[in-house]
Each structure stands twice: as C-alpha cells, then as structure tokens.
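Down below is the structure, laid out as structure tokens.
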Amino acid sequence: MDQKIVRLSTEEELRIFMMPMRQKLIRVMSLEGKSMTAKNLADKLNISASAVQNHIRKLEKIGLIEHDHYERINGIQANYFKLTGVTVSIGQDSDDGLANDRDVVVRNLISQIYGNYTDIVHALSAEGIKNTGEFGDFLSGVIHLSPKDSDRLLKLIAQFVQEHEHVDENTVPWEFEMILYQTRLDEKGGEGA
C-alpha cells in the first residue's frame, strides 16, 4: 500500500504548489472526489475556465493533476482532469534556502484547514446543532509511544487514509491536517529548560 510521494524540491515546484488559488482547486477536486472539467472547477471557484486551465497545467507539471478522459457535452469535447492521488512532501528537511517558503506553505495549509473547521462549527452552532464530535473535532496533546508503537500508529494512519481516499455512495468528505512528531527533550525534561 505504498503511496507515491511528490517531493517539492525546487523553488519553481514550491511556487506552483503554494499559490492559494491552486490550493483551492486541489481542495475542490479532493472534496468532489471525481474528475472535473475546467468549466466545472471555474464555476466552483468563481474564476474563468481559462484561468483554471492555466492552474491545471501548472499542477500537471508537478504531478498533482492529470488528464482523465474526454466527453462530448453539447457537441463540445470536454477535457476531464483528476488528482493523481499522490502525497505531497513539502520537503521541510531540505537545506536549500527555501525553508521560509516551505514554512509559509505549511502554515497556510494548517490555517486553511482550521478556518474551514471553525466555519463548520459556527454554522452548526447557528443552526442550534451541538457538535459532539460527530462532525469533527480538534484534538491536541501528548502520547507516549515506544518505537514499535509509533511505527504501528504511523502505518495505521497511512493505511486508513489510503483506504478512504475515494468517494463511495455512503461517504461524505472529511478534511484533515495532522501533525505527529517525536519531540526531542533535553535531560531536564523540557525544551529550553
């Protein structure tokens, strides 16, 4: 179940990926879970189809979107595109002078997900619906894992995500952003203590 990883290793690749409208395009395609035309995407993003086509070309260049199929719609040949289903590695461990740009990308992704989450929580609240976790939750904390358990957890998460990446008639999309890392504490029991 190994998933292909696209590692953003050049400034050009990072710039292509980090553009906010391209992030929105990727999000719409992820939430829809199906191939879409530039016109479909333009309608969802409220921009022109030609602008969407430009964004698609750029995302194709870094391997995140690909052509899926053609269909005739009202006598016009429509070009359908889909996400390639790859995992994107921002390359935060790279020592290439782009650390600040990578940090901006990650912070924007986290901020966007958090903003989408709070929008849902506020919308539910406005409708008088209490979110008891069935619509999502924000979890934070520390867990203590052996090397064996940490390996098991990371594999379990990766497998679960891969098994649930595709639309099914009985599913609804759930967005997530997950940060898990092993802390490196000094002998005094705290960072910088």
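Readers should treat all values here as calculations from the given coordinates under stated rules, not as data from a laboratory. These numbers come from a predicted model, not from an experiment. Here Cβ is always computed from backbone atoms with ideal geometry, including for glycine, and neighbour counts include all displayed protein chains.
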#### Entry: Inter-label distance for S89 and D168, nm, one decimal - labels placed 7 Å from Cα along Cα-to-Cβ
3.0 nm
### Message
Give me a comma-separated list of calculated 3J(HN,Hα) values for the stretch 144-155, in order, Karplus coefficients 6.51, -1.76, 1.60 applied at θ = phi - 60°, integers in Hz, x for any Gly or Pro.
### Response
10, 10, 6, x, 5, 5, 5, 4, 4, 4, 4, 5
### Query
From the cross-link list K39/K82; K44/K82; K4/K39; K44/K130; K4/K155, which pairs have alpha carbons spaced over 18 Å apart?
K4/K39; K44/K130
### Task
Could you list the chymotrypsin sites (Phe, Trp or Tyr not before Pro) in the stretch 88-148 that lie in coil according to DSSP, counting only those with at most 13 other Cβ atoms within 10 Å of their Cβ?
F138
### Query
What is the dipole size for the chain, taken about its Cα centre, with +1 at each Lys and Arg Cβ and -1 at each Asp and Glu Cβ, in debye to the nearest 20?
520 debye
#### Entry: Dipole of the chain, positive end: most advanced residue of F17, S146, L45 [Cβ charges, Cα centre]
L45
### Message
Given contacts defined as C-alpha pairs under 8 Å and at least six residues apart, what's the relative contact order of the chain, whole-number percent?
### Response
21 percent
#### Entry: Within-15-Å neighbourhood charge of E11 [Cβ basis; K, R +1; D, E -1]
-1
### Task
Whole number please: convex hull volume per residue, Cα atoms of the chain, in Å³.
185 Å³
### Task
For V88, list long-range residues whose amide hydrogen, built 1.01 Å from N in the peptide plane, is under 5 Å from its own amide hydrogen.
V6
### Task
Hand me the chymotrypsin sites (Phe, Trp or Tyr not before Pro) from the stretch 48-90 located in a DSSP loop with no more than 13 other Cβ atoms within 10 Å, in residue order please.
none
### Low-density loop positions, trypsin sites (Lys or Arg not before Pro), the stretch 108-178 - DSSP coil, at most 13 other Cβ in 10 Å
K130
## Note on the structure
Of the candidates F160, I65, T87, the farthest towards the positive dipole end of the chain (Lys/Arg Cβ +1, Asp/Glu Cβ -1, centred on the Cα centre) is I65
#### Entry: the chain: calculated mean residue ellipticity at 222 nm from DSSP helix runs of at least 4, using -39500 (n - 2.57)
-14500 deg cm²/dmol
### Task
Using Cα pairs closer than 8 Å and at least 6 residues apart in sequence, work out the relative contact order for the stretch 33-119, in percent.
22 percent
